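In what follows, a single structure is set out as structure tokens and then discussed.
The values are calculated or read from the model by the stated rules, or taken from the named source; none is laboratory data. Note that the coordinates shown come from a computational prediction; the quantities given were computed from them, not determined experimentally. Every residue, glycine as well, gets a Cβ built from its backbone with ideal geometry; the counts of neighbours run over all protein chains shown. Areas reflect the complete protein model, heavy atoms only, side chains present, ligands, DNA and RNA absent. Shrake-Rupley method; radii C 1.70, N 1.55, O 1.52, S 1.80 Å.
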Amino acid sequence: HLDHENARFLAEGLQEITGIKIDSAKVQSNILFLEVSATGLTSFEISKCLAAHGVLANGVTSATMRMVTHCDVDRAGCERSLRVLREVLRPEQKRARV
């Protein structure tokens with residue numbers, strides 16, 4: 001199923017981002033839960049920054065985010081989400097928000 005393939009692709013990319021914890025081997029559907037406490041920002045802060053760039057991801061708790069792939073999220077959208085998240089979490093970007 002394409003949504004699940006994109007979710008695995010997204011999870012693998014998320015694993016490479018400093019401060020993000022996700023076990024891509026456990027991704028069995030199109031729903032991803034990632035631990036973000038090591039980023040220095042809450043999930044709600046990250047969600048707000050992502051939304052400003054057109055990327056939707058919800059904070060579940062202050063340390064956990066939820067991302068979902070579906071028919072409106074293709075591979076290019078997953079790649080864009082990863083690029084935006086890397087930018088949002090760059091040290092100089094985080095300092096500018098504090």
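Which one of these does His70 not meet: (1) modelled with pLDDT of 95 or more; (2) in a loop (DSSP other than H, G, I, E, B)?
For His70, the failing item is (1).
Looking only at segment 1-19, filter to residues that are over 17 Å from Val73 (Cα atoms) and free of Cβ contacts under 8 Å to residues at least 40 places away in the same chain; which one of those is least open to solvent (accessible area, probe 1.4 Å)? Talk me through it step by step, then tell me what you get.
The initial filter retains those residues of segment 1-19 that are over 17 Å from Val73 (Cα atoms), namely 15-19.
Applying the additional criterion that residues be free of Cβ contacts under 8 Å to residues at least 40 places away in the same chain yields 15-16.
On the way: Gln15: 88, Glu16: 140 Å².
Filtering segment 1-19 for residues that are over 17 Å from Val73 (Cα atoms) and free of Cβ contacts under 8 Å to residues at least 40 places away in the same chain, the one least open to solvent (accessible area, probe 1.4 Å) comes out as Gln15.
Are any residues in segment 18-62 at pLDDT 95 or above, in a loop (DSSP other than H, G, I, E, B) and hydroxyl-bearing (Ser, Thr, Tyr), and if so, which ones?
Thr42, Thr61, Ser62
Does Asn30 meet the test of being open to solvent by less than 60 Å² (accessible area, probe 1.4 Å) and touching a residue at least 60 places away in the same chain (Cβ under 8 Å)? Steps first, answer last, please.
Numbers: open to solvent by less than 60 Å² (accessible area, probe 1.4 Å): yes; touching a residue at least 60 places away in the same chain (Cβ under 8 Å): no.
No: the conditions fail for Asn30.
Mind checking which residues of segment 33-62 are on the phi > 0 side of the Ramachandran plot and either open to solvent by less than 20 Å² (accessible area, probe 1.4 Å) or out of contact with any helix residue (DSSP H, G or I) (no Cβ under 7 Å at 6 or more places or on another chain) (or both)? Write out each step before concluding.
The first filter runs over segment 33-62 and keeps only residues on the phi > 0 side of the Ramachandran plot, leaving 40, 54.
Selection gives Gly54 alone.
Tally up the residues in segment 73-91 that are out of contact with any Ser or Thr (no Cβ under 6 Å at 6 or more places or on another chain), at pLDDT 90 or above and crowded, with 17+ Cβ neighbours inside 10 Å, please.
6
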